[in-house]
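The values are calculated or read from the model by the stated rules, or taken from the named source; none is laboratory data. Small disclaimer: the values here were computed from a predicted structure and weren't measured. Counting neighbours? That spans all protein chains shown, and the Cβs are built from the backbone with ideal geometry, glycine included.
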Amino acid sequence: MLKSNLPHWLKELQCQALANHQRQLVLLIGDVCWVKKSLEFDSESKKTQPWLVYCKHPAITSTVDNKNFSQQLGNENSLIFFSCVEDKGSSINETINLDAFAALSGTLVAGGLMVLWLEQPLEQAVENTDLLSLKYFYQQLMNNKDLIEVKQSDPQTFPHVDQKLLTNSLVASGFSYQCKTQEQQCAVEHVINVSKGHRNRPLVLTADRGRGKSSALAIACVELLENNGGQGNEKLHIVITAPHVRSLSVFYRQLECSFEKLTGKVEYSNASQTDVMHRYGSIKFVAVDQLLHSQKLVNVSLLLVDEAAAIPVHLLTLFTMRYSRVVFASTVHGYEGAGRGFTLKFQQKLQQLVPQWRHFHINEPIRWRVNDPVEQFVFDSCLLNAQLAELPSLDKLPKESIAKQSLRFSQVSAKYLVDNTELLKKVFAVLVTAHYQTSPNDISLMLDNDAVHILLAKVNDEIVGVALLLEEGCKNESEVQAIARNQRRLKNQFIPQSLMTHCGFNESFNYRYLRVLRIAIHPQYHRFGFGQSFMDQLLKFAKQQQVDFIGASFGANAQLLKFWQNSGYQVARIGFTKDQASGEHSALVVTAVSERGQFFERKIIYEFYSSFDYLLTDEYQTLSAELVWQVLHHCPVKSLPQLSGHQLSSINDFIGKKRQYSHCVQALHYWCLLHCKENYQAGVLLLIERILQKKTLDQVCVNHKLTGKKMLNNALVDYISKHQK
C-alpha cells in the first residue's frame, strides 16, 4: 500500500488487531511535518476518527498533558498518539512521562493502536540521548518483536498487514451473570457476598487494567437490585465513589448494558446520569469529600470505592470505620502511581481494623487477549513486571544465625543498571514492593539524575535493600535569593528549601545535604535488624561524601518516626496538612554529619520544639496522639519547661480533687510535656488529646470510650496520681 494513505493502512491494522482481540504497537520515525501530514492531524478526518494525543512538540496539538492524563483512567480510546521524542526545549532535557504512558495505554481497547513517534531511528536515538531512562526505553522498543515500524525514509509502501487470526484469542462466554471470565464471575460473587454476608468484612478487589474489575462492580449492583424483591426486604441503597466521576465511565456503560438485557432500560434520577432509580433500591454516585462529611448518607447498604489507589489511605481508613459493607476496587500494577501503596499500606490498616477482610485478584484480561503486545511492552518498559525474588526464610533461624547473615554494601551506577537489566529489575522490584509511592517515573528518578546515588545491601548476592540518595544544597546566590523572596522553587532541593521557606533559616543553602529519596528492605527480611544496619551504612556513606547533613521526608506515623529517631535523626519540621499519597502529615528529619552541621542542627531542633507545643492546639491538633508522644519523647531537655513549686502544688490539688481541671491546666500541661520523656504508657494518649491538643470533651470521650466529663476527669486523675513522683 502506498504511503500516501497511512490512515487507511492504520484502519486495516486496527481490523486485524480487533480480529485477534489485541492492541498493536506502531512506531513512526520521521520529522514532525511528515507525521502531521501522514496522520492528517490538520484535516477534518481527525474529527471523525479522534486521536488521544500526548505530545510536547509545539507543532502538534496535544489533547492530554502531564497534569491531566490521570483523568483518562476509566475511559476507552482506540487511537493514541504518544511522542517518545526527547524534550530538549528547556534548559534541562526531559525524558518521557512513563506514568502517563502506562496510564494511557490502559485506556486502549482491543483493536486499538498505540502509535509512538520518534524523529530518528531507534539505533540513533539510543546513541544520541544522554538520558539513561530513555536509553532503556528505546532499547526495549528495539527488542520488541511485535513492534511495527513505519519510517519516512523507507520505500513508499507500508508493512504488509497479515490477516491471519490467532487461535484462542477471543474471550470465552457462558459464565454466570453475563461475565466474560471465570475470575470476573468470582469477583461478582464476592461483591454480592459483602452485601449479603456478615458486616465489617470489606472486600479488596484488585486487578491489572482490562480485567473487567469495574464491570464486575456494575454487574454485581444489577444482580443485587434485581434480586432484592423478596417480601420484607428493605430497599437497597448502593453508593459508589471514585476520585473523579469520569473515571466511572466503564462502570456506567456496563450498568446500562446489564439493565437493558434484564429490564430493557435504565432510569436515571439526575441530569448528569450518575444516580439510578430502581423499584428495589438505588445506585448513587457521591464524591469522596461529600461521602465523608455529609450527614444525609446514614442509610448506605453497600459502598463501592473504585480506583481506590488514587484516594489517600487515611480517607479509605475512614470509609472502613464509617461504613459496615465496603468494596475497595483498584488497579495495582502501577497505572495510578500509588497502586502498590494501596496494596501495601492500606491492607495493613485493614488488618488492624477488620482482620476478617477479604482480598480477590483478577488475573485474566477481558478487554484484550492474554499476552497482548501493548500490555507486554508496557510491563517491560515501565518495569511493572519486576518480580520480587524469593529469599531464604529467616523465621526459623536462631538469633545468633541471623546475626551471622552479614550485609554487604555497595554503590552501583545508573549506567551499570541499564546495561544489566536483570539487576535493574531486581532493584526496582524491592523499591516497588517496599515503598508505597514508587511509580514508573521513578525509573527516571533513579537513572537520569547525576546527583542521585544508588546503594545496595546484599546477603549472599541477593538484594535485600535499596536506597536512593540525592545531593542537595549549595546553589548559586542568585537562585537562593529568588527562593528567599518566594519568586522561585528549585527542583531537587527539598531540604534546604524547606528549611528556608518554612522554618526561616536563610543560611540553609550554605550546607551540603544527602536526602534519602527511597529506602527499602525486602519484605521477607523485615524485623531482623537489616534496616537499622542499612541506615548505619548510609551515615558512613554520607561522611565519605563530606556532606553536612543526611535527611529524609516521609508521611509520618509513630512507628516510622521511631525508626528514624532510633537511627539518630531529629525532627526538623512536620507539615501542617496531610500528604495526598500517604494520608499523613509529612515529616522532615535530619542528622548532622559534619562538625559545622552540628551547631546548625541544634538551632533547627530548638526552633522546631519551641513552636511544636504551641501548634498542638492549632495545625497539629489532628496529629495522632501516638505521633505527638513520639515527637515529644525525643525533645531535648533544654527545650522542656521546669515545674515551679506552685505548679507542683496545683498538680497535687488536681489529683486530690481540691481544685478544678481548668484552674490547674497550665501545671498539668507542663507535667504532661515532661512526662512524655518517660517510657511509653498507653494511658498518656488521653492526656495528650485533652491537655496538650485540647480536643473537645466529646472528641476525647468518643476516642477513649468514656461516658462523659466526670469519667474523663477521673481517668486523668487516676493516671497522673499513678505517675506523679
Quick one: is ARG659 surrounded by 13 or more Cβ atoms within 10 Å (Cβ to Cβ) and farther than 18 Å from ASP613 by Cβ?
yes
Select the helices (runs of 4 or more DSSP H) contained entirely in the range 467-550, then report the ones holding at least 2 residues which are in contact with a strand residue (DSSP E or B) (Cβ under 9 Å, 6 or more places away or on another chain) and either at pLDDT 95 or above or crowded, with 21+ Cβ neighbours inside 10 Å (or both).
494-501, 530-544
Here is a list of conditions, (1) over 25 Å from the mean Cα position of the chain (by Cα); (2) assigned by TED's automatic domain parsing to the domain that holds TYR513; (3) surrounded by 15 or more Cβ atoms within 10 Å (Cβ to Cβ), and GLY568 meets all of them except one; can you say which number that is?
(3)
Mind telling me which of the residues VAL628, VAL665, VAL684, VAL702 ends up being touching a Cys at 6+ places or on another chain (Cβ under 9 Å) and under 21 Å from VAL717 (Cβ atoms)?
VAL684
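Here's the yes/no breakdown for (1) closer than 27 Å to ASN75 by Cβ; (2) modelled with pLDDT under 80; (3) in a loop (DSSP other than H, G, I, E, B):
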| position | (1), (2), (3) |
| --- | --- |
| ARG246 | yes, no, no |
| LYS261 | yes, no, no |
| ALA271 | yes, yes, yes |
| LEU316 | yes, no, no |
| GLU336 | yes, yes, yes |
| GLN351 | no, no, no |
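Here is a yes/no grid of residues against (1) over 29 Å from ALA572 (Cα atoms); (2) part of a helix (DSSP H, G or I); (3) of a type outside the set (Gly, Ala, Ser):
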| site | (1), (2), (3) |
| --- | --- |
| ASP613 | no, yes, yes |
| LEU623 | no, no, yes |
| TRP629 | no, yes, yes |
| LYS638 | no, yes, yes |
| GLN642 | no, no, yes |
| CYS664 | yes, yes, yes |
| TYR680 | no, no, yes |
| LYS695 | no, no, yes |
Condition test on THR421, is it closer than 21 Å to PRO523 by Cβ, of a type in the set (Val, Ile, Thr) and either modelled with pLDDT of 90 or more or within 23 Å of the chain's Cα centre (by Cα) (or both)?
no
Within the range 183-197, of all residues that are among the small types (Gly, Ala, Ser) and surrounded by fewer than 24 Cβ atoms within 10 Å (Cβ to Cβ), the one nearest to GLU234 (Cα to Cα) is SER195
Return the total of residues in the range 358-389 being under 17 Å from ASP306 (Cα atoms) and surrounded by fewer than 21 Cβ atoms within 10 Å (Cβ to Cβ).
4
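Here are some residues: LEU685, LEU706, LEU692, LEU712. Which one is aliphatic (A, V, I, L, M), in contact (Cβ under 8 Å) with a residue 60 or more places away in the chain and in contact with a Leu (Cβ under 6 Å, 6 or more places away or on another chain)? Working first, answer last.
Values: LEU685 fails: in contact with a Leu (Cβ under 6 Å, 6 or more places away or on another chain); LEU706 fails: in contact (Cβ under 8 Å) with a residue 60 or more places away in the chain; LEU712 fails: in contact (Cβ under 8 Å) with a residue 60 or more places away in the chain.
Only one candidate passes the filter, namely LEU692.
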Of the residues PHE554, PHE563, which single one is part of a helix (DSSP H, G or I), modelled with pLDDT under 95 and either closer than 29 Å to ARG596 by Cα or within 19 Å of the chain's Cα centre (by Cα) (or both)?
PHE563
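Pick out the one residue from PRO496, PRO440 that is under 22 Å from ALA592 (Cα atoms), within 27 Å of the chain's Cα centre (by Cα) and touching a residue at least 12 places away in the same chain (Cβ under 8 Å).
Details: PRO440 fails: under 22 Å from ALA592 (Cα atoms).
Residue meeting the stated conditions: PRO496.
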If a residue must be over 20 Å from ASN652 (Cβ atoms) and surrounded by fewer than 15 Cβ atoms within 10 Å (Cβ to Cβ), how many such residues does the range 695-725 contain?
12
I want to confirm something. Restricting to the range 212-230 and keeping residues that are closer than 14 Å to TYR280 by Cβ and among the small types (Gly, Ala, Ser), which single residue is surrounded by the fewest Cβ atoms within 10 Å (Cβ to Cβ)?
GLY230
Scanning the range 198-209 for residues that are surrounded by fewer than 24 Cβ atoms within 10 Å (Cβ to Cβ) and either free of Cβ contacts under 8 Å to residues at least 40 places away in the same chain or part of a loop (DSSP other than H, G, I, E, B) (or both) gives HIS198, ARG199, ASN200, ARG201, ASP208, ARG209
Name the residues in the range 98-120 that are modelled with pLDDT under 90 and not in a helix (DSSP H, G or I), would you?
GLY106, THR107
